[in-house]
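Please read the structure below before turning to the comments.
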Amino acid sequence: MSNEIPERDEVLRSTIITVVLSAIFLALAITFWAWSAPDITTPLTALNDINPFIAPLLETLFMLVTFIFLTVTVVNLRLYLTKVRAGWTEIILMLIFIGVASYVMFEYAVAIATVVLCLGFVAYLYLLQE
C-alpha cells in the first residue's frame, strides 16, 4: 500500500459504494436468516430440497462479502474523517462482529466457515502491505 492519501472525493465515492454494497449483502444474509425459520415454505426450502449444502454455502458467502465491504467501508471512512489509514484494530473488530453475527443468525458451522474465509481476506490485506 502506498503512503499517498487519495483525494477526498474519491474516498467519499468509494465509501458510498461500499456502504451500499454492504447493505445489499447484509440484507441478503438477513433474508436467508428469516427464510431459514422452520415450518414455513420459502425459496430456501426448495434450495434445501435440491442440495442441503447450497443454503449454508450461500449464507457463508453473503457474510464473507459483507465482511469485505464493511472492512473497506471502515478503512475508507477512517481515512476520510481523520486522514489516517485504519489500523488492524478496526479490521479485527469487524472480523469479530461478522463472526458473532454469523453465529447468531445461522449455525456454528456457517460462523466457523465465515471466520476462516474472513481470515483469508485479512491475510490478503496483510500481504498487500509493503
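The values are calculated or read from the model by the stated rules, or taken from the named source; none is laboratory data. The model shown is predicted, which means the values in this text are computed figures rather than measured ones. Note that each Cβ is placed from the backbone with ideal geometry, even for glycine, and that neighbours are counted across all protein chains shown.
Quick rundown of the values:
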quantity: Residues satisfying the stated conditions in segment 70-110, i.e. over 25 Å from Leu58 (Cβ atoms) and among the acidic types (Asp, Glu); calculated: Glu90
quantity: Every residue from segment 100-116 that is crowded, with 19+ Cβ neighbours inside 10 Å and out of contact with any Phe, Trp or Tyr (no Cβ under 7 Å at 6 or more places or on another chain); calculated: Ala101, Ser102, Val110, Ala113, Thr114, Val115
quantity: Filtered residue count, segment 1-51, keeping only those that are at pLDDT 85 or above, in a loop (DSSP other than H, G, I, E, B) and surrounded by 10 or more Cβ atoms within 10 Å (Cβ to Cβ); calculated: 0
quantity: Pairs with Cβ under 7 Å, 6+ apart, first in segment 8-37 and without any contact (Cβ under 8 Å) to a residue 60 or more places away in the chain, second outside any helix (DSSP H, G or I) and of a type in the set (Ser, Thr, Tyr); calculated: Trp35/Thr42
quantity: Identity of the residue in segment 74-99, basic (Lys, Arg) and surrounded by 12 or more Cβ atoms within 10 Å (Cβ to Cβ), that ends up modelled with the highest pLDDT; calculated: Arg78
quantity: Residues within segment 80-113 that are out of contact with any Lys or Arg (no Cβ under 8 Å at 6 or more places or on another chain), over 15 Å from Ile30 (Cβ atoms), part of a helix (DSSP H, G or I) and of a type outside the set (A, V, I, L, M), tallied; calculated: 5
